[in-house]
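Report on the structure given below.
FYI, it's all coordinate maths here, none of it is from the lab. Bear in mind the structure is a predicted one, so any value in this text is a computation, not a measurement. Positions of Cβ are generated from backbone atoms using ideal geometry, with glycine treated the same way; all protein chains shown enter the neighbour counts.
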Amino acid sequence: MEFLPNAKELLSLLRTLNKDIKRGFQPKDLNVNEIFVIGMLLEHQYKDDKDSLVQVKEISEKMKVSRPYINKVINGLEEKELVVRVRKPGDKKSVYIALSQKANDIYLGNKQRLISYMNGIVNKLGEEDTLTLIKLIKKLLDIINSEG
């Protein structure tokens, strides 16, 4: 089977786009699992209806990996001073994980860079092309999700 005339170029462009976005915004000193854990903690922290503290058990269940593995990931984040282990006053047994101030500062800085970057793209594309691109990306995602 051969690529259709535009399929190979589309694949190449998607790969390039993915690499460029990662290079610009993915922290270079964090692996995928560390990013996932930080993302989960951020999600908890910025939802008003949830406690910002998360137990290792919750993280391991959501990631579908063992607690010892998650503890290894958290140890790495702790060494990088991005998370802290805390205990609630009335609960001496359970250990909770929270983002450190350093992680929050990095997140807020990256968020501002991302906002500026995306606003710049929208300004350069213009409203009409931006809406067309959004429509096409949604259509592409629908196709990809229906294939798998």
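Among the trypsin sites (Lys or Arg not before Pro) within the range 21-117, which fall in a DSSP loop and have no more than 12 other Cβ atoms within 10 Å of their own Cβ?
Passing sites in the range 21-117 are Lys28, Lys47, Lys50, Lys64.
Using alpha carbons only, what's the Rg to Rh ratio of the range 8-77 with Rh from Kirkwood?
1.11
What does the charge count near Ile106 come to, summing +1 for each Lys or Arg and -1 for each Asp or Glu among other residues with Cβ under 13 Å from its Cβ?
Spelling it out: positives minus negatives among the neighbours equals +1.
Given charges of +1 on the Cβ of Lys and Arg and -1 on the Cβ of Asp and Glu, with all other atoms neutral, how large is the dipole of the range 26-148 about its Cα centre, in debye to the nearest 20?
In total the dipole reaches around 460 debye.
Normalised by the residues of the chain, what does the relative contact order come to in percent, with Cα pairs under 8 Å and at least six apart?
Relative contact order, the chain: 15 percent.
Of the chymotrypsin sites (Phe, Trp or Tyr not before Pro) in the range 1-104, which ones lie in a loop per DSSP and count no more than 16 other C-beta atoms within 10 Å?
Answer by residue number: Phe3, Tyr46.
How much net charge surrounds Ser94 when only the other residues with a Cβ under 10 Å from the Cβ of Ser94 are counted, with Lys and Arg +1 and Asp and Glu -1?
Overall, the nearby charge balance is +4.
Could you derive backbone 3J(HN,Hα) for the range 97-102 from the dihedral phi with the Karplus parameters 6.51, -1.76 and 1.60 (θ = phi - 60°), listing whole Hz in sequence and x where the residue is Gly or Pro?
10, 9, 6, 7, 4, 4
Along Cα→Cβ, 7 Å out, is where each label goes; now give me the distance between the ones at Glu58 and Glu78 in nm to one decimal.
1.8
Set the Förster radius R0 to 22 Å, insert the Cβ-Cβ distance between Arg23 and Gln112 as r into 1/(1 + (r/R0)^6), and round the FRET efficiency to 0.05.
My answer for the efficiency is 0.75.
Amide H neighbours of Ser100 under 5 Å, counting only residues 5+ apart in sequence or on other chains, H built in-plane at 1.01 Å?
Placed amide hydrogens put Val83, Val84 under 5 Å from Ser100.
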